[in-house]
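Colleague: So that we are looking at the same thing, I have put the structure below in structure tokens.
The values are calculated or read from the model by the stated rules, or taken from the named source; none is laboratory data. Not measured: the values here are computed from a predicted model. Quick reminder, even Gly has a Cβ in these numbers, built from the backbone with ideal geometry, and neighbours come from all protein chains shown. Please note that ligands, DNA and RNA were not included when accessible areas were found on the heavy atoms of the full protein model with its side chains. Shrake-Rupley method; radii C 1.70, N 1.55, O 1.52, S 1.80 Å.
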Amino acid sequence: MLLMANVESFDLDHTKVYAPYVRLAGAKRTPRGDAISKYDLRLLQPNQGAISPSALHTLEHLLAGYLRDHLEDVIDVSPMGCRTGMYMSVLGEADEEGVLVAFRAALQDVAEHDRPIPGVSELECGNYRDHDLAQARIHAREALEAGLKIQPTLLIER
Ligand SMILES: [Zn+2]
């Protein structure tokens, strides 16, 4: 028998979302009662394109800092393996509106970023040669121009 934990994102109907968007992807509570909220920060429409690995890597480095500039208690920001967006975990109750405002502001910062990418050296990064700032900035600009919104979760009907 194959045992595998249920994974929230496999239940999302990826054909019924409209990127770019912010979606509450999950909510947990620690044994001590603290809330943790996980968000799907989607830049590209699923199955209609993908961010190049180097641009996604740069987005990871830039959004790690810029999202924390605009949002308190960020636990983690990580790229999706499908290369259409990022996951972000935040300490606290769900606040899609607040995350939407912060994500917009962080993408604006990325679109305007014209300095060295933070954390890019052999000491600080696991693949420091693999970055693409120009393309990362284009993705941020395009998402802003397309207009970010809050996406409700529509589950696959099984
Ligand atoms: Zn890196």
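Colleague: So which residues in the stretch 68-88 are open to solvent by 40 Å² or more (accessible area, probe 1.4 Å) and free of Cβ contacts under 8 Å to residues at least 60 places away in the same chain?
Modeller: Step one: list which residues in the stretch 68-88 are open to solvent by 40 Å² or more (accessible area, probe 1.4 Å), which gives 68-70, 72-73, 75-76, 79, 81-83, 87.
If the condition is that a residue be open to solvent by 40 Å² or more (accessible area, probe 1.4 Å) and free of Cβ contacts under 8 Å to residues at least 60 places away in the same chain, then R68, D69, H70, E72, D73, I75, D76, P79, G81, C82, R83 are the ones that fit.
Colleague: Here's a follow-up. Please identify the pairs in which a residue from the stretch 122-136 that is at pLDDT 95 or above has its Cβ atom under 8 Å from the Cβ atom of a residue that is part of a helix (DSSP H, G or I) and near the ligand (Cβ under 7 Å from one of its atoms), counting only partners at least 6 apart or on another chain.
Modeller: From the stretch 122-136, the pairs are C125/H61; N127/H57; D130/H57; H131/H57; H131/H61; D132/H57.
Colleague: Looking only at the stretch 11-34, which residues are touching a residue at least 60 places away in the same chain (Cβ under 8 Å) and either assigned to a helix (DSSP H, G or I) or β-branched (V, I, T) (or both)? Steps first, answer last, please.
Modeller: Filtering the stretch 11-34 down to residues touching a residue at least 60 places away in the same chain (Cβ under 8 Å) leaves 11-13, 16-25, 27.
Residues satisfying the conditions are D11, K16, V17, V22.
Colleague: Restricting attention to the stretch 35-45, which residues are outside any strand (DSSP E or B) and closer than 24 Å to R158 by Cα? Quick ask: steps written out before the conclusion?
Modeller: Just the residues of the stretch 35-45 that are outside any strand (DSSP E or B), to begin with: 43-45.
Matches in the stretch 35-45: Q45 only.
Colleague: Restricting to the stretch 105-158, what's the tally of residues that are exposed (fewer than 12 other Cβ atoms within 10 Å of the Cβ) and within 16 Å of the ligand (Cβ to nearest atom)?
Modeller: Matching residues across the stretch 105-158 total 8.
Colleague: Which residues, taken from the stretch 96-137, are closer than 20 Å to D73 by Cβ and among the small types (G, A, S)?
Modeller: G98, A102, A105, A106
Colleague: From the list R115, R23, R104, pick out the single residue that is touching a Pro at 6+ places or on another chain (Cβ under 9 Å), of a type in the set (D, E, K, R) and closer than 26 Å to I138 by Cα.
Modeller: Matching residue, one of R115, R23, R104: R23.
Colleague: Another question about this same structure. Pull out all pairs, ordered by first then second residue, where Cβ-Cβ is under 6 Å, the residues are six or more apart or on different chains, the first lies in the stretch 52-63 and is in contact (Cβ under 8 Å) with a residue 40 or more places away in the chain and among the small types (G, A, S), and the second is assigned to a helix (DSSP H, G or I) and open to solvent by less than 20 Å² (accessible area, probe 1.4 Å).
Modeller: From the stretch 52-63, the pairs are A55/A136.
Colleague: Go through A55, A19 for me and flag whichever is open to solvent by less than 40 Å² (accessible area, probe 1.4 Å) and within 16 Å of the ligand (Cβ to nearest atom).
Modeller: Working: A19 fails: within 16 Å of the ligand (Cβ to nearest atom).
Only one candidate qualifies: A55.
Residue-wise test of (1) closer than 18 Å to P20 by Cβ; (2) hydrophobic (A, V, I, L, M, F, W, C).
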residue: M88; (1), (2): yes, yes
residue: A106; (1), (2): yes, yes
residue: D109; (1), (2): yes, no
residue: S121; (1), (2): no, no
residue: H139; (1), (2): yes, no
residue: P152; (1), (2): yes, no
residue: E157; (1), (2): no, no
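Colleague: Just one of L12, L43, L62 is modelled with pLDDT under 95, open to solvent by less than 20 Å² (accessible area, probe 1.4 Å) and on the phi < 0 side of the Ramachandran plot; which is it?
Modeller: Details: L43 fails: modelled with pLDDT under 95; L62 fails: modelled with pLDDT under 95.
L12 is the lone residue from the list that is modelled with pLDDT under 95, open to solvent by less than 20 Å² (accessible area, probe 1.4 Å) and on the phi < 0 side of the Ramachandran plot.
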